[in-house]
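The values are calculated or read from the model by the stated rules, or taken from the named source; none is laboratory data. Bear in mind the structure is a predicted one, so any value in this text is a computation, not a measurement. For neighbour counting, all protein chains shown are included, and Cβ atoms are generated from backbone atoms with ideal geometry for every residue, glycine included. What goes into the accessible areas is simple: the full protein's heavy atoms, side chains included, and nothing from ligands, DNA or RNA. Shrake-Rupley method; radii C 1.70, N 1.55, O 1.52, S 1.80 Å.
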Amino acid sequence: MSYAIEVEGLVKRFGATTALDGVELTVPTGTILGLLGPNGAGKTTAVRVLATLLQPDAGSARVCGYDVVHQAAAVRSRIALTGQYASVDEDLSGTENLVMLARLLGHSRRDSKATAAGLLSRFGLADAGGRSVTTYSGGMRRRLDLAAGLVGDPDVLYLDEPTTGLDPRSRGEVWDTIRGLVADGVTVLLTTQYLDEADQLADSIAVIDRGRLIATGTPDELKSQVGEQTIEVRPMDPERLEEVAAIVAAVTRVEPARNVARTLVTAPVAEPAMLADVVRRLDDAGILAGELGLRRASLDEVFLTLTGHPADEENAGGEKVA
């Protein structure tokens, strides 16, 4: 198996803060790796090292076989990076943005126009190519940003929180675009706080927390670590949420998650028969359930089990490590 990205013992410090603490990763060519973690976990720092924007303090990393420190120019010629916010010029049209980038990369005027037209068509933006980017929707801007990243025909694409701030429809459009890129042979490293996004897109997942890699595997493999199924209980009376949580904890022997806004208690179960035990205890306590059932564990629950906190929670101490 060939690997587009190989990371060994990567360490990066900012003063007294260790942003990356011995991270090790491998990403097979032509796949998507989802790098998950809360704000400040070290995701963006890892991407910046792999993009040659930061030098590590220890360890090594190779992209397409090239060392990110000693062969940085070769690495940069094979990668593209798309951050959380669109980097295109809003005063220009979609076509003008792509032509400008192609010209900066040394393409002729004719080739630049052909490259721009081809990318706009590929990303479903051909009809909007002549319009100012200020008229684009959020999803269109993100797709144009992805198209801009492909002007140099990269082998590896880093997507750092690519759907932040997008509505569900626009997120779906971006997901389809990413799937298309991988089908064409591009390797993608995706950092995201949206665990459903990683579940939808990633071939494999790496969970990073406080600079350390704490779990790797396929989505199914990680879900199996917290149990094959999850119990959900929503009491009819919101005031009895804590009583429900206590019952679920007693049966599953796991501290359940509480979603106060949705009046919902969830916990992984080792055996489906535990559901019947919960039903009996709820009945004995006189608690009516508006919703009660089993479902497969989600990546949110995987993250909570692995780290002890939700994926959208800040790291301990509130450091903004990235």
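Residue farthest toward the positive end of the dipole of the chain, with Cβ of Lys/Arg at +1 and Asp/Glu at -1: which of THR191, PRO219, ALA102?
Of THR191, PRO219, ALA102, it is ALA102.
Which of ALA285, ALA198, ALA16 moves most in a GNM of the chain, Cα contacts under 10 Å?
ALA16
Solvent-accessible area per residue for the range 1-77 at a 1.4 Å probe radius, Å²?
It amounts to 41 Å² per residue over the range 1-77.
May I ask you to give the solvent-accessible area per residue for the range 247-307, in square angstrom, as obtained with a 1.4 angstrom probe?
54 Å²
Any chance you could give the angle, 0 to 90 degrees and rounded to 10, that helix 94-104 forms with the longest Cα principal axis of the chain?
For helix 94-104, the angle is close to 60 degrees.
Counting helices only, and only those DSSP H runs with n ≥ 4, report the 222 nm mean residue ellipticity of the chain as the sum of -39,500 (n - 2.57) divided by its residues, in deg cm²/dmol to the nearest 500.
-10000 deg cm²/dmol
Any idea of MET140's accessible area? Nearest 10 Å², probe 1.4 Å.
30 Å²
Using a 1.4 Å probe on the protein chains only, how many percent of the accessible area of the chain belongs to carbon and sulfur?
Accessible surface attributable to carbon and sulfur in the chain totals 48 percent.
Running a GNM on the chain with Cα contacts under 10 Å, which residue among GLY139, GLY286, GLY83 ends up with the highest mean-square fluctuation?
Among GLY139, GLY286, GLY83, the largest mean-square fluctuation in the Gaussian network model of the chain belongs to GLY286.
5 Å is the cut-off here: which amide hydrogens, built 1.01 Å from N in the peptide plane, fall below it relative to GLY217, excluding neighbours closer than 5 in sequence?
Amide H neighbours of GLY217: ILE205.
Which value, in debye to the nearest 20, gives the size of the charge dipole of the range 73-209 about its Cα centre, when Lys and Arg are +1 and Asp and Glu are -1 at the Cβ?
Charge dipole of the range 73-209: 640 debye, to the nearest 20.
Measuring from centroid to centroid over Cα atoms, what is the spacing of the range 46-67 and the range 271-291 in Å?
51 Å
Test of the criteria: in the range 174-270, which trypsin sites (Lys or Arg not before Pro) are in a DSSP loop and have at most 16 other Cβ atoms within 10 angstrom of their Cβ?
ARG253, ARG262
Using a Gaussian network model of the chain whose springs link C-alpha atoms within less than 10 Å, name the residue from ASP111, ASP209, ASP284 with the highest mean-square fluctuation.
Largest GNM mean-square fluctuation: ASP284.
Please list, short to long, the whole-number percent of alpha-carbon pairs of the range 244-284 in consecutive 10 angstrom bins beginning at zero.
The percentages, shortest bin first, are 32, 55, 12.
I'd like to know which of VAL75, SER93, GLY286 lies farthest towards the positive end of the charge dipole of the chain, counting +1 on Cβ of Lys and Arg and -1 on Cβ of Asp and Glu.
Farthest towards the positive end: SER93.
Tell me the relative contact order for the chain as a rounded percent, counting alpha carbon contacts under 8 Å between residues six or more apart.
RCO, the chain: 22 percent.
I want to check a number: in the chain, how many lysine pairs have alpha carbons closer than 27 Å, given a sequence separation of 8 or more or different chains?
4
So if each residue of separation counts as 0.36 nm, and I subtract the Cα-Cα distance between ALA285 and ALA250, what length gain in nm does that give?
Additional length available on full extension: 11.3 nm.
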